[in-house]
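Following: one structure in structure tokens, then a few remarks.
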Amino acid sequence: MKTPALFLLWLLVCIALTDAAYKKWIPNTNFENASNWNERRVPCSQDKVIFPSGQRVSIYVQSAHSLAEMNLPWDGEFILATGAGFSASSKEDPECDPGSEIHFRDPDQYQWFDPTLWYSSLSDNDKSLFSVDSERVPCQYDDVIFSPETSFKVNAMATEATINLKSISVLGKTFTTDEEFSYHLQSNTGKLQFPGSPRMHITNTPCGDQTGCECGNTAVLREICSALQRTEGICPNLPCPLPLLPAGRCCQICGAIINLEHMSTFNFEDYRTHLVQTYLNLEKYSRVKLAISKVQNQRTRLKKNDLTAEIQIMITDNLEESATGSDAIGLANDIINEINNNGISFGISKATVITSTSSQSAPNTAGIITGIVIGVLAIFLSILGGLYYLHRVGTLRLPSQIVLFRRNNFEVQTDTQPIGFTNPIFEGIAEDVPDVSGLYSGEEVLKEITPDKSSFQYSNPLYEASQCDD
């Protein structure tokens, strides 16, 4: 069998030429594909083959076929492999007796934005990894592959947005520019494969950011979810009372979401590999699945709203009923603890986690938040202690108001305005802080972890608006 070997060789060459992820289209309109026929079998010699007259389709034929009768559409094509073709059957075939009328199914059902119709290179790496729905269809830095020696028809007209791709391969030919691919779209075969001339932009540009690149499908998430609903139905009911909705996901989950703020030293691929090797390979997390991606999140700030790129880790598990989400939260806690201790070494400056399980009745953040407060307070007091020591040895000169405070035997000065400053420890729990409970649908637990050795910014009362003595 030369065909599988040739395809495997071609695929390996394609992947070797690029570091980007690839998405491969799964359905085809091949004559020998049993799923393309209403009786779920390939036509045999006594069958009458019917192609609907209004059907516009390209069909790849891999071998020779003998048929009793065949009705062709008004507009279509057969792509014949070497030795392939059709002939009228001249005698009865006991293996195809009696024959029947067999119809070619409508290929217009296949939508570009249906995540179930794409195979991702991520599936080759580890079964415990998966993608959010927006990344299950081709992203802007992906290589798109339509397998050689296959025909297909894909509807990509569900959106007015432009589909950005790194490259696209059709019938063994790879297109890396808009000009090359536009010629193919204008051909008869291209019109049958991509009806309606969809708006596609071929960039030949890989992701050049080691911290990761956004998929770029946020604008078409509605189309993705609509296609997914037609294929898989409505979102299932979940056992957790307050489920979570990660960015890029169509349905809510029980489990955990971790959002990471990172520095320029963060390496997306290295950190994903670290999560797999350190945690997902453990037996206790054998039923846990994880998706990591760079996303844009609209977060409510104390001063303004802004869009910030961050790393999202979605964790879920396949435990039953009351235990649903518990293993996912266990993994999330392990990841957070590691970030709290060694986050700087990964290039992570901050981590926020929210969780939801079926057994969770109320948020529980006291332990972690208390640890954060104590840690921040210790650093703050250390800084003040250092400043006081520098003043005592004469290295640091304090402002006049502070010196006056010391010289008057610690008596409170009632004739001056109190010096105030923003306390980073208690700023986040002020009563007038805007409500951010709607940041994630069904948010139950919110924890913020700042790794050791990371820098903290606060207003220094020693140098605010006061003037130093001459």
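Derivation of every value follows stated rules applied to the coordinates shown; laboratory data play no part. Everything numeric here is computed off the predicted structure, so don't read it as measured data. Cβ sites come from the backbone with ideal geometry, for glycine too, and all protein chains shown count toward neighbours.
Between S345 and E179, what FRET efficiency follows from the Cβ-Cβ distance if R0 is 45 Å, with the result rounded to 0.05? Computed FRET efficiency for S345 and E179: 0.45.
Quote the FRET efficiency, to the nearest 0.05, computed for R287 versus A309 with a Förster distance R0 of 35 Å and r equal to the Cβ-Cβ distance.
Numbers: r = 31 Å, r/R0 = 0.88.
Between R287 and A309 the formula returns 0.70.
Listed values for segment 180-189 are Karplus-derived 3J(HN,Hα) couplings in whole Hz (6.51 cos²θ - 1.76 cosθ + 1.60, θ = phi - 60°), namely 4, 6, 5, 4, 5, 4, 7, 6, 4, 5, and x replaces Gly and Pro.
The ranking of I26, I50, I313, I257 by Cβ neighbour count inside 10 Å, starting from the fewest, reads I26, I50, I313, I257. 3J(HN,Hα) along segment 313-319, derived from phi through the Karplus expression 6.51 cos²θ - 1.76 cosθ + 1.60 where θ = phi - 60°, amounts to 10, 9, 10, 9, 9, 10, 6 Hz, with x in place of Gly and Pro. Annotation: amide H of H65 within the under-5 Å range of G85, F86, S87, sequence separation 5 or more or interchain, hydrogens built in the peptide plane.
Each residue of segment 218-233 was assigned a 3J(HN,Hα) from its phi angle through the Karplus expression (A = 6.51, B = -1.76, C = 1.60, θ = phi - 60°), giving 4, 5, 10, 4, 4, 5, 5, 5, 5, 5, 5, 5, 5, 7, 10, x Hz with x at Gly and Pro.
Spin-label model, D97/Q109: points 7 Å from Cα along the beta carbon direction are separated by 3.3 nm.
Ordered by the count of other Cβ atoms within 10 Å of each Cβ, fewest first, L290, L384, L242 give L384, L242, L290. Here the residues E310, E321, E269, E261, ranked from fewest to most Cβ neighbours within 10 Å of their Cβ, fall in the order E321, E269, E261, E310. Inter-label distance, R40 to N318: 2.2 nm, where each label sits 7 Å from its Cα along the C-beta direction. Taking label points 7 Å from Cα along the Cα-to-Cβ direction, D270 and L245 give a separation of 3.6 nm. Applying a threshold of 22 Å to the alpha-carbon distances of K48/K153; K127/K173; K24/K191; K23/K127 flags K48/K153; K127/K173 as lying beyond it.
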